[in-house]
Amino acid sequence: MKILKTPDYYHMSRVAANILSAQVIMKPDCVLGLATGSTPIGAYEQLCRWYEKGDIDFSQVKSVNLDEYRGLSPDNSQSYRYFMEKHLFSHINIKPENTHIPNGLEPDSEKACLQYNQIIHELGGIDLQLLGLGHNGHIGFNEPGAAFEKETHCVNLTAATIAANSRFFASSGEVPTQAYTMGIKAIMQARKILMIVSGADKAQIVKDAFFGPITPKVPASVLQLHNDVTLVGDEEALALIPDNAF
Ligand code: GLP
C-alpha cells in the first residue's frame, strides 16, 4: 500500500484528481469506480477545472458508482445520481449512457442488484475505484459485519450511518434506511483502489482499517489484502499512522 500525506483537504483533493486523471490519460476508455460523500467533492471540482482547460477528455470513460439510496429518484437532491450530476457529470464530457449508478427506484432489490452486477461484469470490471471511508469503517455502504464475498446487495443502514448522513437531509427521519451498494467482492476485484480521507474525525478509523486486524467489523480493513491500494489523506486524518508507514 502507498500512503500519501498532504497538508490539507485542498491538496488531498489535488493529489486524488491527479491520480484519477492519470488513469484517464493512460487508458482513455477506462472504467472508473466513483464515490459520493463529502470527501471526493474537491477532487471532482479539480477534475472539472482540468476538463474546462482541455487537459482531460472523458468522452470514452465509463463509470460505475458505489451505491444509491433505495427509494430515491435521480432528481431527488439527496440521491447519489443527483450528487454525481451536480459535482461531476454535468460539467464534463462523459456520455450519460456511460455513467452507471444502482437504480434506487427499482423496488425489486434482487433485480436491482443483479442488473448492477451485470453492468460491472459487462464493462470488464473496474480499473480504478475511488473510495471514501465511513466513520464506522464502511466502504460504499458495506456496513460493519458485511460479508467480504458479497456482490451488489441491499443493505439496512446502521443507526450511526443514518445519523452521519442526516446532515445532508432536513431531518434524520428523512434519511432512507436502505441502500443498494456494490459489494466488497466487486471493490476488491478493482485493479486499483484509491482511498481518500480527510479530517481528524477519520484518524482513528483510518488506523483501525489499515493497521488493525482484517475483520468484517471494519469493512475497509479488507483493503489490506488488495495489491494496489493508494491512500491519500490530509495530516489530520493520517495523524495516528505510524511514521515508518510512509
Ligand atoms: C457515505 C457513502 C460512502 C462514503 C461515506 C463517507 O455513507 N455511502 O461511500 O465514503 O459516506 O462520507 P464522507 O466523505 O462525507 O465522510
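Every read-out reported here was derived from the displayed coordinates using simple, explicitly stated rules and does not represent laboratory data. Note that the structure is a prediction, hence the values are computed from the model and not measured. Ideal geometry is used to build each Cβ from the backbone, glycine not excepted, and the neighbour counts take in all protein chains shown.
Once you list every other residue whose beta carbon is under 15 Å from the beta carbon of residue 232, what net charge do they have if Lys and Arg are +1 and Asp and Glu are -1?
Details: positive: 2, 5, 14, 192, 202; negative: 8, 228, 234, 235, 236.
Taking every other residue near residue 232 into account, the sum is 0.
I need the phi-derived Karplus couplings for the range 37-48: 6.51 cos²θ - 1.76 cosθ + 1.60, θ = phi - 60°, integer Hz, Gly and Pro marked x.
The phi angles translate into x, 6, 4, x, 4, x, 5, 5, 4, 5, 4, 4 Hz.
Mind running the shape call on the range 1-64? Use the C-alpha gyration tensor, a ≥ b ≥ c as the square roots of the eigenvalues: rounded below 1.5 for a/c, prolate if a/b tops b/c, oblate otherwise.
Details: a/c = 1.65, a/b = 1.46, b/c = 1.13.
Note, shape of the range 1-64 comes out prolate.
Taking every alpha carbon pair in the chain, what does the distance histogram look like in 5 angstrom bins from 0, in percent?
Bin by bin from 0 Å, the calculated values are 1, 7, 14, 19, 21, 19, 13, 5, 1, 0.
For the residues 172, 63, what sequence is obtained by ranking on other C-beta atoms within 10 Å, fewest first?
Details: 172 13, 63 22.
In order of increasing Cβ crowding within 10 Å: 172, 63.
Could you go through the range 198-211 in sequence order and give the Karplus-derived ³J(HN,Hα) for each residue, using 6.51 cos²θ - 1.76 cosθ + 1.60 with θ = phi - 60°, rounded to whole Hz, and x for Gly and Pro?
For the range 198-211, the Karplus curve yields 8, x, 4, 5, 9, 4, 5, 6, 5, 4, 4, 5, 9, 10 Hz.
Below 22 Å, Cα to Cα, which lysines can residue 53 reach? Residues fewer than 8 away in the same chain don't count.
Reachable lysines: 27, 62, 86, 95.
Per residue of the range 154-168, what does 6.51 cos²θ - 1.76 cosθ + 1.60 with θ = phi - 60° give for ³J(HN,Hα)? Whole Hz please, x for Gly and Pro, Karplus curve as stated.
9, 10, 8, 6, 6, 4, 5, 5, 4, 5, 5, 8, 5, 4, 8
Test of understanding: ordering 161, 39, 181 by Cβ neighbours within 10 Å, fewest first, what list do you get?
Numbers: 161 21, 39 24, 181 30.
Least crowded to most crowded, the residues run 161, 39, 181.
Sort 121, 11, 87 by Cβ crowding within 10 Å, fewest neighbours at the top.
On the way: 121 12, 11 16, 87 19.
So the ranking, lowest neighbour count to highest, is 121, 11, 87.
Going Cα to Cα from residue 202, which lysines come in below 20 Å? Please leave out same-chain ones fewer than 8 positions away.
Straight-line reach from residue 202, under 20 Å: 2, 5, 217.
Please give me the summed charge of the neighbours of residue 140: other residues whose Cβ is under 14 Å from its Cβ, Lys and Arg +1, Asp and Glu -1. It would help to have the intermediate numbers written out before the result.
Working: positive: 70, 150, 185; negative: 67, 68, 143, 151.
Neighbour charge sum, excluding residue 140 itself: -1.
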